[in-house]
Each structure stands twice: as C-alpha cells, then as structure tokens.
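> Below are the structure tokens for one structure; questions will follow.
Please treat every number below as a calculation from the coordinates, not as lab data. Given the structure is predicted, the values throughout are model-derived calculations rather than measurements. With ideal geometry, Cβ positions are generated from the backbone for all residues, glycine too; neighbour counts draw on all protein chains shown.
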Amino acid sequence: MQVVSLSDHPGSMRRGAQQRRAAADRDAQQAHEDVLAVHRERVAQARVARDEAWAARRWGAWLRGVFAVRRAQRQVPAARLPVSQPTAEEQRWAAGSAGELLVADELGRALDDEWTLLRGYRNRGGEIDHLLLGPRGLFAIEVKNQNARVDCHGDQWWAAKYDRYGNPVESRREMADGRGRSPSVQLNEPASQLEGFLGSRGHPVAVGRIVVLIHPRAQLRSCTHPTVHIFTSIQQILNLLNASPVAITTAERAELERLIVRDHRFHERRRRDPRP
C-alpha cells in the first residue's frame, strides 16, 4: 500500500499543546525567580540593618537584627515543582496519532500497491483521518482510539470510559468533537463534500464511510440506524473492501488521487489565507 501524507492534524495539535505547556512552565519558573529575588533583597536589607547596628554599638538593635536575618533566611519561597507532566489534551492527541498510525500500519501489511492511503485530507466540512483509494472503491476512515464502550442511535453517539483494568472512570457521556459533532457527523460532512467535488469534476464516486474503534479494549454495544460503518478491527475493514461491488481502473484511481490532493491543497491555502 502506498501512503500519501497530506497533513498531520493530531500531531500538530499535540505539538501546540506541548508548546503551551512549555510556555506555562517558563512563566511559572520566571514567577518563582521573581519571588526568590524579592526574598534575597529582604535578607540583604536585614543584614544591612544588623551590621549598621553593630557598627553603631547599638547592641539591642543588633540582637534584634540577628534574629531578623535568621527569620528572613528561613522564609525561603517553596521550591518550584518539577516540570509539569503531559496535559490531558496532549495525551488525547497522542492517542489520536497512535490510533491513526496503527490503522495505517495494519492496512499497509494487508493491502498491495494498488491501494493508496491519503492521510489527513481536509475540506470545508472538516478533516478525514484516512482516505483509502483502490480498485474496490474510495473509503473515508475516522479513527477513534479510546478505551470506551460505545452506543449510538443514528448520528448520536455516547461513550462510557474505562481504565486498563476494566473499571469505569467516566460516566456515559455524549461523544462529540470541538464543534459538537458525533464521530459519524464528523466523518459524513467532509466525505459528502468530497463526493460533491469529485462528481463536479466528472468522477461520481460514492465514498464509503467507516468509523473504526481501534483501541484493543473498545466495545461497540447497542447501535441503531447508524449512518456509517462502525468497526472494531482492521479485518472488518478488509472484509468490507473484499465485498465491495465497485471497480475503479488504474487510470481513474490516478485521476481521483490527483483531484483529492489538489482539493486538499486548495482548502489548506484557504485556511492559511481566508481572504476572499
């Protein structure tokens, strides 16, 4: 299988989160240095007052100065905490990257070079983790790497999270991205946009839609009226490919890939420069 990397959204978001944490660490370090500077100045002033009392032979003032210096020295600001650990945001994006790489690796071992995986395609509808293009069709794949038990009804999704030992760590909640879209809507919107674009260019290809729950302990429970294929293994994806009635010639696949790459680059330019 050939791989074309168009973008790495999870990686970019993770790096952004890391940079924000590093900036927060630097700010905290600077604040601690400022507090230490104030402490050192307070100790220095106490020493000056003590020494002046000694020079003036004001023994009572000198004795009070001795205690004042000792008291100031004991009031050292608490040492700064060690460098902060990765945030929940970083861990979430890291899990996303790991899940996408796992899917790409497993598909790469199973499919020959007639298949192409385009990673990180984006249009006005959003981003698609993977576009898989081959002789049996064009498939959009959304990867979810969560240790969760998932339910859905149409385009409404819920997940209950568990730890590595199977203990519940979060009650059942709605699954949605930052725009409030469930995984199926998150996939269907850009996939439908892509279908429309390809059709307008003379290539009316249906885009298969797959959400894969790739975490080894993820479970799909009740799911009624789904609007996408929902799988929990790569083998299920391969079974879908093998059963596909679609046949796309080598020449048409090359043209589809060219159009997809061109469309992605167009929308990337629009994102960087949104002016009309």
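> In Å, what Rg and Dmax follow from the Cα atoms of the chain?
Just the Cα atoms of the chain yield Rg and Dmax of 29.3, 103 Å.
> Moving to a separate point now. Karplus couplings for region 47-64 from phi (6.51 cos²θ - 1.76 cosθ + 1.60, θ = phi - 60°), rounded to Hz, Gly and Pro as x?
5, 4, 4, 5, 5, 5, 5, 4, 5, 8, 6, 8, 5, x, 5, 4, 5, 5
> Using unit Cβ charges (K, R positive; D, E negative) and no other charged atoms, how large, in debye to the nearest 20, is the dipole of region 107-191 about its Cα centre?
It works out to roughly 220 debye.
> Going by how many other beta carbons lie within 10 Å of each one, how would you line up S233, S184, S5, S97, fewest first?
Neighbour counts put them in this order, fewest first: S5, S233, S97, S184.
> With +1 on the Cβ of every Lys and Arg and -1 on the Cβ of every Asp and Glu, and nothing else charged, how large is the dipole of the chain about its Cα centre, in debye rounded to the nearest 20?
It comes to approximately 1840 debye.
> Which of V169, H225, I210 sits farthest toward the positive end of the charge dipole of region 94-235, with +1 on the Cβ of Lys and Arg and -1 on the Cβ of Asp and Glu?
V169
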